[in-house]
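Notes follow once the structure below has been shown.
What follows draws every value from the coordinates through simple rules; no lab data is involved. Values in this document were obtained by computation on a predicted structure and should not be read as measured data. Heads up, the Cβs are rebuilt from the backbone with ideal geometry, glycines too, and the neighbour counts pull from every protein chain shown.
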Amino acid sequence: KLLNHVYFETLITLLVCISCVSLAMDNPLNDPNSQLVEYLFYVDTVITVLFTVEMVLKILVFGAFHDHIDGEEAYFKNGWNILDFFVVVVSILSIAFDGQSQSKNIGVLRVLRSLRPLKIIQKIPGLRIIVLSLIVAIPSVGEVGIMVFMVYFIFSVFFTSFLNGQLRSCDLHFDLTTQQYAPQSDLITNPPNLWSDFTPTQKSWFGPNSTFIDGNVTCRSGGGWPKYPCCSQYALPLTDYVPTSRYLCECWGGNWAPITDFRFDNVAMGMVTLFDSATIDNWSDNMHYVSDSTGIDMQPVRDSQIWWYYVYLIFILIGNFICIQLFVGVIVKSFEDCRGKVVGSIFITAEQQEWVNTSRILLAIMPKKKAKRPHNSFRGFCYDIVHHKIFRVTVTLIIVIQCGKQSFIAS
């Protein structure tokens, strides 16, 4: 009677809530000698004792391994009771070793105390259904996960094939985006093919008196300048080498650095980048970075490859609105099935479900009214045109063309 009394169940639920608050207030940075730590220890001790009493009573009433009451499982035959037993044992050990603050095991026990709120799952049937639905959905989620993995893998291979080694830009000691350094920005974005194609002014930016080179300017001896730029880190002369944005950037003492942590340097990194985009968290930034890419070791240019916008939108449509939402659909379906087996449908009662089934049967057997062809020859001709399949396809095609026209005019 005590175990099944509503007041006892309410008391245990209240103790679980108090335990959650106690765990939230517990902090390893708190002063061990403070009153707060002392109060939390007393609260934890009292709660552990009461949980232990509950466990002992259940073992005495229901039996440990053999059923003592018809229709009731023994204590250790119920998975939720085993979870309660583990939580109680962890709480007892945590209190027993609380004084040994230097022990490494006490930290593990304190972490395991965070499982104590799971006791409330056994007290609330709705929570048990949710947990059960998640467990039942694991095989279906695994199947969906394999399909999603394949989709992301294909897109990652595609993106990596085009963007490997890109999504990088020049980080200099001066700001290339300002109007003052517009000529230098234009040069590093569109470098000439050969050193001989540089103008005298542009060559002076890499000469011994250049103010753009960060650090010591070291030119080659023996007629190096102006035949060669003053870039000591490169032995290959620009006379027989096509310069890139990275070459000019590092010649000025800049750093050729990634513009984002999410790139497509390999397939694995590409899949992580695509997953980050599929979560709709800063996905537009990643899309802009991709559309700005111009090639390996070349400075990005705004909207230089605008077609990447459409590719990225296609991936968002498939990777988020289809693939990611499949996980939600599988879990919701599993929850509905589990709840339907226990308490009926989540949305309607059993009587309402029966009425819906009956209505569906009536609608299925109800005769459908068929339109009659007019007797008038002209009206009959128009009727045949309107109901012809080609007419409907033609109207749909005209609507699509009109939408495309309006979109083109607006852009």
Q: Work out from phi, with θ = phi - 60° and the Karplus expression 6.51 cos²θ - 1.76 cosθ + 1.60, the ³J(HN,Hα) of each residue of the stretch 16-25, listed in order in whole Hz, and give x for Gly and Pro.
A: 5, 5, 5, 5, 4, 5, 5, 5, 5, 7
Q. Distance from the Cα centre of the stretch 359-411 to that of the stretch 262-277, in angstrom?
A. 46
Q: Can you tell me the FRET efficiency between Ser204 and Lys405 if r is taken as the Cβ-Cβ distance and R0 is 45 Å, rounded to the nearest 0.05?
A: 0.30
Q.
Could you derive backbone 3J(HN,Hα) for the stretch 398-403 from the dihedral phi with the Karplus parameters 6.51, -1.76 and 1.60 (θ = phi - 60°), listing whole Hz in sequence and x where the residue is Gly or Pro?
A. 4, 5, 5, 5, 5, 4
Q.
5 Å is the cut-off here: which amide hydrogens, built 1.01 Å from N in the peptide plane, fall below it relative to Arg168, excluding neighbours closer than 5 in sequence?
A. Ile259
Q. Using 0.36 nm per residue, how much length does the chain from Cys17 to Phe97 gain when fully extended, once their Cα-Cα distance is taken away?
A. 26.4 nm
Q) Okay, which of the stretch 360-379 sit inside 12 Å, backbone N to the point 7 Å along the Cα-Cβ direction of Ile390? A) none
Q) What list of ³J(HN,Hα) couplings, whole Hz, do you get for the stretch 373-380 from phi and the Karplus terms 6.51, -1.76, 1.60, once you set θ to phi - 60° and write x for glycine and proline? A) 6, x, 6, 5, 5, 5, 5, x
Q.
Could you give the length gained by full extension between Asp171 and Val131, i.e. 0.36 nm per residue of separation minus their alpha carbon distance, to one decimal place?
A. 9.4 nm
